[in-house]
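Some notes on the structure that comes next.
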Amino acid sequence: MFVELLVLLLTVALVWDYLVGRKHKRLFDRAGITGPKAWPLVGNAPLMINESPKTVFDLQWRLIQTHGKNVRCQILQDRGFMTADPKMIEAIMSSQQTIQKNNLYGLLVNWLGDGLLLSKGKKWFRRRKIITPAFHFKILEQFVEVFDQQSAIMAKNLYDRADGKTVINMFPVACLCAMDIIAETAMGVKINAQLQPNFPYVQSVKTASGMLAERFVNPAQRLDISMRLFFPSAFAKLSANIKAMQDFTNNVISERRDLLQKSISDGTYETTNASPLDDVGQKRRMALLDVLLQSSIDGAPLSNEDIREEVDTFMFEGHDTTTSSIAFTCYLLARHPEVQARVFQEVRDVLGDEKDAPVNIQLLGELKYLECVIKESLRLFPSVPIIGRHIVEDTLLDGKLIPAKTDVMILIYHSQRDPDYFPEPNKFVPERFSPERKGEINPFAYTPFSAGPRNCIGQKFAMLEMKSTISKMVRHFELLPLGEDVQLVLNLILRSTTGINVGLKPRVY
C-alpha cells in the first residue's frame, strides 16, 4: 500500500511539474532560449552539486559558450534564464515592466525592510522621487569633505605597514573607511570604524553582511524556516545583529528628528537645503537622513520605520560596493605600474604636491584619467556581478515573448568581458573610457551601476568617493604587486578568496 501511495504522489508531482512548466518551455523554445538538461521537479539543480561560489563564474562561461548569451535555467520550481546579451539587458533595464527584483532579494527584508532596493510599484517610485534630492550637486559638495577626511585617516593608519614588503589585503581596510563615510553622509553621525573597529554597530554590519552573503549561496539557508530548523544558532546570531543595527539607526533617527523639531521651534531652521544647527550655531552638514525627515508623501511625513528602511538600505549598499571597487582599483594599479605612474602624475598636476591638501568636487572632476581607471576597474571587477529581476507578466523583450513568473539573472560580469564589445576583454585598458573614444562602448554592455529607471541612485556619490579615496592612496603611497592574485568568488558583491592584495611604500616627493 505504501509503495502504491508513493508512486501515486510521485506521478501527481510529475504531472503538476509538467503542467506548470509547459508554458515556459513552449515560449523559451519559440524564443530560441536553450539551456542544459533539466530534470523533472528539480530542474538544473543537479548541475550545481559539484559547484561552489568559487566556480560559478566558470560554469556560467561554459553555459554561454554552449547555449549562447541567453541561457535557460531552472532551480527546483524557479524558472527563468540568465543573460549576458546587451540587447536583452537593454530591453530588461529600460522597461518599466521589469523593475521588480527577484525572490533572492527577499533574504534582505529582515534588515532592510521595504526600502528603495527592495520596494516595487508605486512605493518604489515615490521613495526614489523623495531620495533623489539627497544627491543634488550642493549636497555632494558637502560630502566630498567627508570623503577627504576619512580617506586621510585610512592613509595614516596604513603607514605602519607601508614597508614595501608587507602584504596588505585592501578589502577590510577600504571597508572600514567606506563604513565611516556612509555613516556620516547617510545618518550624519561619526561611528569611527577606522579608529574603533570593535564598535558594536560596525561589528554588527560586518557580521550581518557576511551571514547574508552565505545565505545567498547556500540553498539550505534560503528560507527563514529552514534556517531556523537546521541552523538555529546562526539564525539567532543574524537576528541579534540585525536588531542591534536597527536599534542604533532608530536612536539616531529619533535624536535627529528631535533636533529638527527644536530648530523649527526656536527659529534656526532654514527651508532651503535645510539642516539643523548644532549647539554652537554652526550649520550641520546635510545628510540623507535630513532629506528624509523633511519629506512627506501625500502631505504626511515619513514614519521612523519608513526612514529606517532607507537609512539601513544606504548603509548596506553604500559600504560593501565601494569597498569592492576601491580595493580592486588599488589591486590593478599595483599590477600596472605604467598606469599608476600616469595616475600619480595627474594627481600631482591637479591637486599639487602637498599630500594632505584638501580636495573639493571641482578638483575631483578634473581627475579625468583616474576616472577612466576606475571605470575600467569596474568593467573587469563589477562590485555587483549579477542583478536579479522578476518578470511578473508575459512581456516582449528583444523580440522574444518571455512568460510571466520568470526569474532573470543579468550577468554583468560576463557581459562586460564580452569580446564582441570589448577587444582583449581580460586586459586592463583604461583608455577604453577616454573622452576621445566616447560613444564606442555600448551602454548596456557596460552596466556596473545598472541602467534605466532602476539604475544606482548613488553612482555620482560613489564615483566621487572612489576618486577621493584612491587619489589619497596614490598621493601617499606607491602601490606594489605583492601577495596572491585574486581568486574571484560570487557573493552579494564581488570578493576574492585570497584577498585583494597590494604592498605599500611611502612616496617621497
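Which value in Å does the Kirkwood hydrodynamic radius of the stretch 8-81 take, with 1/r averaged over all unlike C-alpha pairs and then inverted?
Details: mean 1/r = 0.0758 Å⁻¹.
Answer for the stretch 8-81: a Kirkwood hydrodynamic radius of 13.2 Å.
Show me 492-499, 316-323 ranked by packing, highest mean number of other Cβ atoms within 10 Å first.
Values: 492-499: 20.4, 316-323: 24.8.
Most protected by this proxy first, the peptides run 316-323, 492-499.
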Worksheet item: What spacing in nm lies between the two simple spin-label points modelled at Glu440 and Phe137, each 7 Å away from Cα in the Cβ direction?
Response: 2.9 nm
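What ratio of Cα Rg to 2.2 N^0.38 Å holds for the chain?
Values: Rg = 24.2 Å, N = 509, 2.2 N^0.38 = 23.5 Å.
This ratio for the chain stands at 1.03.
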Response to the item:
Label model pair Gln261, Ile225: point-to-point distance (7 angstrom along the Cα→beta-carbon line) in nm is 4.2 nm
Worksheet item: Could you give me the ³J(HN,Hα) list for the stretch 33-38, computed from phi with Karplus coefficients 6.51, -1.76, 1.60 and θ = phi - 60°, whole Hz, x at Gly and Pro?
Response: 8, 10, x, x, 4, 10
Response to the item:
Note: Asn426 to Lys54 extended length (0.36 nm per residue) minus current alpha-carbon separation gives 132.1 nm
Worksheet item: Among the aspartates and glutamates, which fall within straight-line cross-link reach of Lys156, defined as a Cα-Cα distance under 20 Å, with same-chain neighbours fewer than 8 residues apart omitted?
Response: Glu145, Asp148, Asp180, Glu184, Asp353, Glu354, Asp356, Glu465, Glu478
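For each of Ile500, Ile307, count neighbouring Cβ atoms within 10 Å of the residue's Cβ, then give the residues from fewest to most. Could you put the intermediate results ahead of the total?
Values: Ile500 29, Ile307 24.
Ascending Cβ contact count within 10 Å gives the list Ile307, Ile500.
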Worksheet entry | Amide proton proximity set for Ile402, modelled H, under 5 Å, gap of 5+ | Thr395, Leu396, Leu397
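For Leu104 and Gln487, compute 0.36 nm times the residue count separating them, minus their Cα-Cα distance, and round to one decimal in nm.
On the way: separation 383, 0.36 × 383 = 137.88 nm, distance 2.42 nm.
Taking 0.36 nm per residue and subtracting the Cα distance, the gain is 135.5 nm.
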Fill in: Label zone at Arg342 (point 7 Å along Cα-to-Cβ), backbone N below 13 Å, the stretch 348-383
368-377
Worksheet item: Going by how many other Cβ atoms sit within 10 Å of their own, how do Trp39, Trp124 line up, fewest first?
Response: Trp39, Trp124
Worksheet, complete the sentence: Reduced to Cα centres, the span from the stretch 405-443 to the stretch 71-107 in Å works out to 19 Å
Worksheet item: Does anyone have the angle between helix 137-158 and the longest principal axis of the chain? Alpha-carbon axes, 0 to 90°, nearest 10?
Response: 80 degrees
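What translational diffusion coefficient, to the nearest whole µm²/s, does the stretch 49-152 have by Stokes-Einstein, given a Kirkwood radius computed over alpha-carbon pairs, a temperature of 25 °C and 0.890 mPa s viscosity?
Details: Rh = 17.7 Å.
Result for D is 139 µm²/s.
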Worksheet entry | the stretch 286-373, relative contact order in percent, only Cα pairs under 8 angstrom and at least six apart counted | 17 percent
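Past 19 Å, Cα to Cα, is the threshold; run Lys355/Lys505; Lys123/Lys206; Lys54/Lys243 against it and keep the listed order. Before the final figure, lay out the partial values.
On the way: Lys355/Lys505 14 Å; Lys123/Lys206 29 Å; Lys54/Lys243 31 Å.
With Cα atoms farther than 19 Å apart: Lys123/Lys206; Lys54/Lys243.
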Worksheet item: Lys23: which lysines have alpha carbons under 29 Å from its alpha carbon, excluding same-chain residues fewer than 8 sequence positions away?
Response: Lys37, Lys69, Lys87, Lys101, Lys120, Lys400, Lys405
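Each value in this text was obtained by applying a stated rule to the coordinates, not by laboratory testing. This is a predicted model, so every value here is computed, not measured. Every residue, glycine as well, gets a Cβ built from its backbone with ideal geometry; the counts of neighbours run over all protein chains shown.
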